[in-house]
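Working notes, structure below.
The values are calculated or read from the model by the stated rules, or taken from the named source; none is laboratory data. Please read these numbers as outputs of a predicted model, since none were measured by experiment. In this analysis, Cβ positions are derived from the backbone assuming ideal geometry, glycine residues included, and neighbour counts consider all displayed protein chains.
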Amino acid sequence: MQASPGEEPVIDRKARMKIPFEDLKARPVDERVKDFEPTFIQLTPEEARRAAERCIHCPDPAPCFKACLVHNNIPAAMWLIEQGDFIGAAEIYRQTSSMPEICGRVCPHEALCQGACPRDKRGEPVITGALEAFVTEYQRRHSNVEIPVGAPTGKRVAIVGSGPAGLSCAEQLVQKGHSVTIYEAAPALGGLLLYGIPNFKLPKEVVQWTIGDLERAGVSFITNTRIGESKTIDDLFKEGYQAVFVGVGTLVDAKMDVPGVDLPGVYQATEFLIRANVDPDYLPSDMGTKPEVGRRVAVIGGGDTASDCLRSALRLGAEDVTCLYRRTEAEMPGGKKDRELAREEGANYRFLTQPIRYIAGPSGRVSAVECLQCELGELDDSGRRRPIPIEDSNFTVEADTVILALGYWPDPIIGETTAGLETHKWGLIVADPDTGSTSRPGVFAGGDAVTGPDLVATAMIAGRKAAAAIDEYLSEE
């Protein structure tokens, strides 16, 4: 927090506890389901100040600070916001986060900083995520955001993948003066941020802000280049790069080996979300059209991707959209807030349901899902109760479109084409969690390519840690 020189701010916690809660406003349901524009309405300066004034400034270390994965100094930011110093608050976030505009929108705040707020015991927390998004966007609109570039070192680093891990690693490396080139397999930059998160959750403009910062800082980008295919890690070293960071994520859809999975109308979640949400100019040539959805859509899975698919299908005109999940809602890995939004918009949920076959209609397109009823057994390796299909409990759910949102696997190609690089679990790269260093000297890795599917903030942290280790490695080389 800040006060006048030599003074400590006086916090009247009892008075602050009486300030009424104002939740972030969403656009009306009947309006927002007609487009892919952002769900929530940005705060006004007056609303932001009132929201920040509700912070009671817990004794250090504040619970929100401890719960934030990047340890943003949230209390200090709240104090500046209530004083009207929005740009100062934005700079607080930029001290510890490489992409606060993005994290302010996509982090599961209800499970992190916001959920740790003592006021959440009454269901009225300080809306920390919305305030982070507000001040960092305010800074964009009213000031400049520039990455400070260090004196040139003459060292060159290649980054493979332009998702949150790669972008964050680059943002840190250029501040040390290193020359950075990012290689991206897709036609456009952003990785998961662009292709995997719908515009109603994360506007593409916000992703472009981060990329633009890096471009102005001198980072080079090469798209349509899949490392491990047209060019290998060894080729990058031969071209003069002294270190390589691998942040390719996990965008290979998990498969479902049941009859009918290849029927027309059965989509993998990645293809469905990309085609539904991304501008055709950013798409590969084989994905240039919107996916066709019928009247009834079934989404298989229980994570955030499933929620994104449910909400996207509704925006594409589906009338009856149902999530089929083999456990109960208590075991669902996806965020509760996303499920609440999906329900508001018209999605249904059917639990303890295990699809076993996709049935074709007269046209050859999928027309129904055959399922078994399940019950829960003992805990499995994930710490959740195991779903057990009940014999002879077969039933069908009508669906002329099915979307498989079953999770993601790593792309094994880099491990297969890089000598001496240790991998495990279907291609995940083995890397030190504190440094990102791998079994191959000079090769570092982080994000979902190491951990498997995880949060944007987790990938960002991995990129920042790896950048510090790469800088040390280059200084010793």
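See the values below:
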| read-out | value |
| --- | --- |
| Strands (runs of 3 or more DSSP E) enclosed by segment 392-477 - at least 1 residues per element that are under 22 Å from the mean Cα position of the chain (by Cα) and modelled with pLDDT of 95 or more | 401-404, 443-445 |
| Hits in segment 321-351 (condition: part of a strand (DSSP E or B) and either surrounded by 17 or more Cβ atoms within 10 Å (Cβ to Cβ) or touching a Phe, Trp or Tyr at 6+ places or on another chain (Cβ under 6 Å) (or both)) | Val321, Thr322, Cys323, Leu324, Tyr349 |
| Val252 vs. criteria on the phi < 0 side of the Ramachandran plot and touching a helix residue (DSSP H, G or I) at 6+ places or on another chain (Cβ under 7 Å) | no |
| Flag if Gly364 is in the same structural domain as Lys231 (by TED's automatic domain parsing) and closer than 22 Å to Glu271 by Cβ | no |
| Pairs, first in the same structural domain as Gly161 (by TED's automatic domain parsing) and at positive phi in segment 450-475, second surrounded by fewer than 20 Cβ atoms within 10 Å (Cβ to Cβ) and in a helix (DSSP H, G or I), C-beta under 8 Å, six or more apart | Gly452/Lys425 |
| Boolean, Asp381 is within 29 Å of Met256 (Cβ to Cβ), at pLDDT below 95, more than 24 Å from the chain's Cα centre (by Cα) and part of a loop (DSSP other than H, G, I, E, B) | yes |
| Close pairs (7 angstrom Cβ cut-off, 6 or more residues apart or separate chains): in the same structural domain as Tyr195 (by TED's automatic domain parsing) and surrounded by 19 or more Cβ atoms within 10 Å (Cβ to Cβ) in segment 257-270, hydrophobic (A, V, I, L, M, F, W, C) and in a loop (DSSP other than H, G, I, E, B) anywhere | none |
| Qualifying residue in segment 386-397 (condition: surrounded by fewer than 18 Cβ atoms within 10 Å (Cβ to Cβ), not assigned by TED's automatic domain parsing to the domain that holds Arg350 and not acidic (Asp, Glu)) | no |
| Any chance Arg296 is among the basic types (Lys, Arg), farther than 22 Å from Trp409 by Cβ and in the same structural domain as Thr396 (by TED's automatic domain parsing) | yes |
| Pairs, first in the same structural domain as Leu194 (by TED's automatic domain parsing) and among the aromatic types (Phe, Trp, Tyr) in segment 214-234, second surrounded by fewer than 18 Cβ atoms within 10 Å (Cβ to Cβ) and modelled with pLDDT of 95 or more, C-beta under 9 Å, six or more apart | Phe221/Thr181; Phe221/Glu215 |
| Close pairs (9 angstrom Cβ cut-off, 6 or more residues apart or separate chains): more than 24 Å from Ile87 (Cα to Cα) in segment 146-172, surrounded by fewer than 15 Cβ atoms within 10 Å (Cβ to Cβ) and polar (S, T, N, Q) anywhere | Thr153/Ser475; Lys155/Ser475; Ser162/Thr223 |
| Residue match in segment 134-155 (condition: surrounded by fewer than 22 Cβ atoms within 10 Å (Cβ to Cβ), over 26 Å from Pro453 (Cα atoms) and at pLDDT below 95) | yes |
| Conditions (1) under 20 Å from Leu167 (Cβ atoms); (2) surrounded by fewer than 19 Cβ atoms within 10 Å (Cβ to Cβ); number of the one not met by Ser439 | (1) |
| Members of segment 182-216 that are of a type in the set (Asp, Glu) and within 28 Å of Glu239 (Cβ to Cβ) | Glu184, Asp213, Glu215 |
